[in-house]
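Written below as structure tokens is the structure these notes are about.
The values are calculated or read from the model by the stated rules, or taken from the named source; none is laboratory data. None of the values given here were measured: they were computed from a predicted structure. Positions of Cβ are backbone-derived with ideal geometry, glycine not excepted, and every protein chain shown enters the neighbour counts.
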Protein chains: 2
Amino acid sequence: MVVGTSWETLLPRLHEIADLAGALRLLHWDQAVMMPSAGGASRARSIATLEGLLHERLTAPEVGGLLEELGGDDSLDTDTRAHVRVLARDYAKATKVPPELVKELAELEGLAYQAWTEARPANDFDVLKPHLERMVQLKKEQADALGWQGERYDALLDTYEPEMKTAEVEAMFAELTNGLRPLVEEVVDAAPDTPEFLTRTYEAAKQEAFSQWLVRKLGFDTHGGRLDTSPHPFTAQIAPGDVRQTTKADPKDLMMSIFATIHETGHALYEQGIPERLAGLPAGHAPSLGIHESQSRMWENQVGRSRPFTEFMLPHLKEHFPEELGMLAPDDFYTGANHPRRTLIRVTADELTYNLHVALRFEIEIALFRDELDVADLPDAWDAAMEKHLDVRPESHADGVLQDMHWSIGALGYFPTYTLGNLYAAAFYAKAREDLTDLDADLRRGDGSRLLGWMRDRIHSQAYLKSAKELGEEVLGEPLSARPFLDHVATKFRNLYAGS
Amino acid sequence: MVVGTSWETLLPRLHEIADLAGALRLLHWDQAVMMPSAGGASRARSIATLEGLLHERLTAPEVGGLLEELGGDDSLDTDTRAHVRVLARDYAKATKVPPELVKELAELEGLAYQAWTEARPANDFDVLKPHLERMVQLKKEQADALGWQGERYDALLDTYEPEMKTAEVEAMFAELTNGLRPLVEEVVDAAPDTPEFLTRTYEAAKQEAFSQWLVRKLGFDTHGGRLDTSPHPFTAQIAPGDVRQTTKADPKDLMMSIFATIHETGHALYEQGIPERLAGLPAGHAPSLGIHESQSRMWENQVGRSRPFTEFMLPHLKEHFPEELGMLAPDDFYTGANHPRRTLIRVTADELTYNLHVALRFEIEIALFRDELDVADLPDAWDAAMEKHLDVRPESHADGVLQDMHWSIGALGYFPTYTLGNLYAAAFYAKAREDLTDLDADLRRGDGSRLLGWMRDRIHSQAYLKSAKELGEEVLGEPLSARPFLDHVATKFRNLYAGS
């Protein structure tokens, strides 16, 4: 690392910022996984306090001054330039929004989330409505404070998927939904009823034991991480050398547990692949949520739900559940892992229809921010969009517009990154298959090491040295499109169900 | 709480200090209980960073100014006066020692601890010696910076046992060792060989299950806390509503697990008994380590190792270990839990001889700080003191002067608080028995609720509103002495072994 005085002055500040951010991630992880229930109130205050300190440190005028000096310094090496670029981005985002708006948003997020937890079980959109109206208003102010050129929603999208524009995402969704619609019609109605083994009960402790085995098999390093359970599976890098993932084990849903585990392992393998020299510094993480999600989705869907990998998993799963699965044939397990349906709920949707759930959320979000839709009309817009995309209509708001918490916590512009992740996953995997001959043979014996090596080399090791779009184009040799994903699901689901 | 402008200005600063200190306790708890091994280096840096921030916040000149204003404010209520008094104490300790000395001590502690981890297995005092010489030198400088009136060691003792003086502790140790010497001679040599059931192996998972049951039975509230395992059992209040204790389960040492669990539960019950209105503020904790240890030792020894409580535990323990303990008689279990021996190691010493191990450490420490002993002569001084107090001589430094880590981490003045805890435990328990008729009947059915209520009322609820000495005298009606402890062990061990 080439060092100049400004960089040397900045570095201890960066360490302080990283250590505060890491302590915050531990407070959150512990809250979800370990904390006794009565600790909730004091934990909320501790988190707010440390967030305040982190914000104070990040927005210190000295940081701005050092960034200005370093921005014009041509002698910096590639790594340092990337750190300066990413920190300047974070600094701008943290300083452009007026403190009163930041505070108002934080308070509203608490209130709106609380209202959502009441609105959903009560099936009553009106409980959430006033909070959501205020949220959209404040998010518009936030977008304007952050600044935008094309359209307002760009500023929100940029928070999660830096440099990606609304118009680009819109074009990809158009290609995607146009390609999916006929395929869904062709395949879904031809798929059989839910296989019998998916309706059985599977002891949670045995599911957890299988997950502990599976993450190690997939290459997760438990000297530098751990797997626990939590109500909502997630992955967090606490600090370099300490990556934590969670899964859940619902006795009524064996598949949820297995694929949540593989999904989070994808995130965790990415975090464990960030080079030591970058970890804990501004560019030492993924360049976007979409790129991060590409890794979780690829291991979950392209690998985990493939014919060869399901074939590998089944005998090991049978060791834990000899009575329940003893007689299950590999073909039936594979079919069970890929069982497409027109459903109402995003989080349990299959690989084929999942992105249609995201498409309707994206359409609604841009309509809200283009002033083409009022919050009051959200429930109707939701139901109409469900009919358009999936040909089903929710019988309740709980299973419709109220199903996700995202909007209540101000995560507007977030949903499209799920689909970007799916598209990147299919595109990266297709590219890897070109390079790695007979990858299916690896997967059939549960060996993901060549694939992991490819991802480490091209993606994980790049961290945030380039933007997501630059990285994607470099790896793919062309801009991201929906084509590889459409090819993947068309081949897989036609082979499985077309004409059956 | 009576509020004035200065107090209102100080309060958000106190919350910030409390939240940073709580985050640090979580970082430490997690490091000992959860953290994957590769996270060690980044965790060490995070802890150092947050300690730096905490020190910065605590020593801010504004805090000093506010304390000065509040110190002369007669309108404050009792709670607020206590908070101001405790914070002023912490502020003075944090500001009186020059930053360079703080830094030098922190670095030396790291080096000396590392040297100790090498010196002990190598049985080589010379590896530790230069670090310990420097440590004693720096600790003298620290004591002088903190200030003292009677003698230098007072300043070190005051860190752990506020307001207690060396001369007072010396007098108590004299009374204690004079009383113990004839008793040990009378009893220990009459005790039989190690009971056979203590030499068996007990599955760790079953020991843990028993501990999980036992802590609840003793009144530990698991909605506001949790029990885990760690190599060195400890208890930490992370934040109000979140008290965590750990135990260990060594298949070769059933008793260690049971009594470590009861010991830590004593600490944890204390923390859970701090009133909500005080928790998280300067006076919202125990007034001294000795008072804290009184609660752990009382539940461990006066309750846990009593005839009625061992009688209560045995059938429940047999449910977990029917083969190993099925035939064990209550008398033999009680005897096994109280098996005095002349041993070399403090941490595994029995209730009767334990304080002799502490006495020799205290004597050595005061000799070092009175310039009556050089570090170079420590090994000889140790071996001589072991012969004097326990009539045994270590065959190695590993089992002698190198057995404890305390000195390597700069914890000089800490050891005597273990014995103060034992003396307070016996004195408080004797007092409680005067008030609570037929307490043995409660313990025989495993019901510690009346005893806990008594301790909550007189000790836990007082937190640090008074100094340890004031609190002790108020509860006991007289100053602390070794007499109640000597009466306790004399009665118990004479009944068990004298003349056998």
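In the stretch A:227-240, the residues that are under 19 Å from A:Leu289 (Cβ atoms) and away from chain B (no Cβ under 13 Å) reach residues that are of a type in the set (Asp, Glu) and crowded, with 22+ Cβ neighbours inside 10 Å with C-beta atoms within less than 6 angstrom, at least six apart or across chains, in these pairs: A:Pro233/A:Glu264; A:Thr235/A:Glu264. In this structure, A:Glu434 does satisfy being part of a helix (DSSP H, G or I) and over 24 Å from the mean Cα position of the chain (by Cα).
The helices (runs of 4 or more DSSP H) found entirely in the stretch B:1-91 that carry 1 or more residues being at the interface with chain A (Cβ under 10 Å from one of its Cβ atoms) are B:5-33, B:40-58. Given the condition closer than 25 Å to B:Ala268 by Cβ, touching a Ser or Thr at 6+ places or on another chain (Cβ under 9 Å) and touching a residue at least 60 places away in the same chain (Cβ under 8 Å), answer yes or no: does some residue in the stretch B:391-408 qualify? Yes, the stretch B:391-408 has at least one match.
Identify, please: which residue in the stretch A:166-211 is of a type in the set (Ser, Thr, Tyr), out of contact with any Gly (no Cβ under 9 Å at 6 or more places or on another chain) and assigned to a helix (DSSP H, G or I) and is, among those, nearest to A:Pro484 (Cα to Cα)? Restricting to residues being of a type in the set (Ser, Thr, Tyr), out of contact with any Gly (no Cβ under 9 Å at 6 or more places or on another chain) and assigned to a helix (DSSP H, G or I), the top hit is A:Thr177.
Does A:Ala349 meet the test of being in contact with a His (Cβ under 7 Å, 6 or more places away or on another chain) and without any contact (Cβ under 8 Å) to a residue 24 or more places away in the chain? So A:Ala349 passes the test. When residues in the stretch B:137-170 are screened for being surrounded by fewer than 20 Cβ atoms within 10 Å (Cβ to Cβ) and of a type in the set (A, V, I, L, M), 4 of them pass.
Taking residues in the stretch A:316-337 that are polar (S, T, N, Q), and partners anywhere that are surrounded by 17 or more Cβ atoms within 10 Å (Cβ to Cβ), the pairs with Cβ atoms closer than 9 Å and at least 6 places apart or on different chains are A:Thr335/A:Ala191; A:Thr335/A:Leu496; A:Thr335/A:Tyr497. Just one of the listed residues (A:Val475, A:Val401) is within 19 Å of A:Glu293 (Cβ to Cβ) and of a type in the set (Val, Ile, Thr), namely A:Val475. Out of B:Glu208, B:Glu276, B:Glu311, B:Glu271, one residue alone is of a type in the set (D, E, K, R) and crowded, with 22+ Cβ neighbours inside 10 Å. It is B:Glu271. Those helices (runs of 4 or more DSSP H) of the stretch B:255-371 in which 3 or more residues are under 17 Å from B:Val243 (Cβ atoms) occupy B:289-297. Within the set A:Ala376, A:Ala426, the sole residue that is touching a His at 6+ places or on another chain (Cβ under 7 Å), farther than 21 Å from A:Glu185 by Cα and assigned to a helix (DSSP H, G or I) turns out to be A:Ala426. For the stretch B:438-455, the candidate set comprises residues that are of a type in the set (Lys, Arg) and either part of a loop (DSSP other than H, G, I, E, B) or within 26 Å of the chain's Cα centre (by Cα) (or both); within that set, the residue that is nearest to B:Trp213 (Cα to Cα) is B:Arg445. Taking into account only those residues within the stretch A:58-88 that are closer than 22 Å to A:Glu163 by Cβ and free of Cβ contacts under 8 Å to residues at least 12 places away in the same chain, which is surrounded by the fewest Cβ atoms within 10 Å (Cβ to Cβ)? In this case the residue turns out to be A:Gly72.
From the list B:Leu156, B:Leu180, B:Leu176, the lone residue that is aliphatic (A, V, I, L, M), more than 25 Å from B:Arg341 (Cα to Cα) and modelled with pLDDT of 95 or more is B:Leu156. Restricting attention to the stretch B:151-165, the residues that are assigned to a loop (DSSP other than H, G, I, E, B) and within 19 Å of B:Glu470 (Cβ to Cβ) add up to 5. Scoring B:Glu203 on the criteria (1) away from chain A (no Cβ under 14 Å); (2) surrounded by 15 or more Cβ atoms within 10 Å (Cβ to Cβ) leaves a single failure, condition (2). If the condition is being within 12 Å of chain B (Cβ to nearest Cβ) and not in a strand (DSSP E or B), then the stretch A:241-251 contributes only A:Gly241. Looking only at residues in the stretch A:206-226 that are within 13 Å of chain B (Cβ to nearest Cβ) and within 20 Å of the chain's Cα centre (by Cα), the one that is nearest to A:Gly336 (Cα to Cα) is A:Val215. Among residues that are surrounded by fewer than 16 Cβ atoms within 10 Å (Cβ to Cβ), over 27 Å from B:Lys165 (Cβ atoms) and of a type in the set (D, E, K, R), B:Asp371 is not included.
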